[in-house]
């Protein structure tokens, strides 16, 4: 939950909104919805995303449902304040791919009266907090956690299970590489992967060889 109007209009500070969740949970969809509302209200809006994210379009933020809004790709968080000068609202997509500087950038912008809306994965494919997202969530004024639907149970999903065989932390992909899973389904899938990847030793390696003693 967040408020678009403050009670005390003398307070010139902005705020930070974080939209987080798993793959296919509608994070970017919600980000675009809020930004388009701001544009409709004739506020000056600028959207940024990391240059590494070029899955659909190099210059557009695009949701899985094909909704889109024009953005500015930047290689690092430090580029954002320069390009955001004079804006009322700043949107940042795929924030988990930015460096830790993104936390300071967002707070500095909010302290200058800017409304900052950030979207990103809160956990990586191993179920660990992803990049700067936990720090952004801790310093945000409003946090919205959205959920996908588990492809195996139909329950709410909060984990991004990686189907592709890769241990790289950053692996951009879609339904061929990832699927959203509930806690129970994710735990079972990870346990199956762990068992599947276990190396079974040969009988010779398990049983020590007997030493021949001389008479």
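Each value in this text was obtained by applying a stated rule to the coordinates, not by laboratory testing. Fair warning: this is a prediction, and the values are worked out from it, not measured in the lab. FYI the Cβ positions are ideal-geometry reconstructions off the backbone, even for glycines, and counts take in every protein chain you see.
Sort 35-47, 19-31 by packing, meaning the average of other beta carbons within 10 Å per residue, with the highest value first.
Sorting 35-47, 19-31 by mean packing, highest first, produces 19-31, 35-47.
With a Förster radius of 35 Å, plug the Cβ-Cβ distance of residue 12 and residue 198 into 1/(1 + (r/R0)^6) and report the FRET value to the nearest 0.05.
0.05
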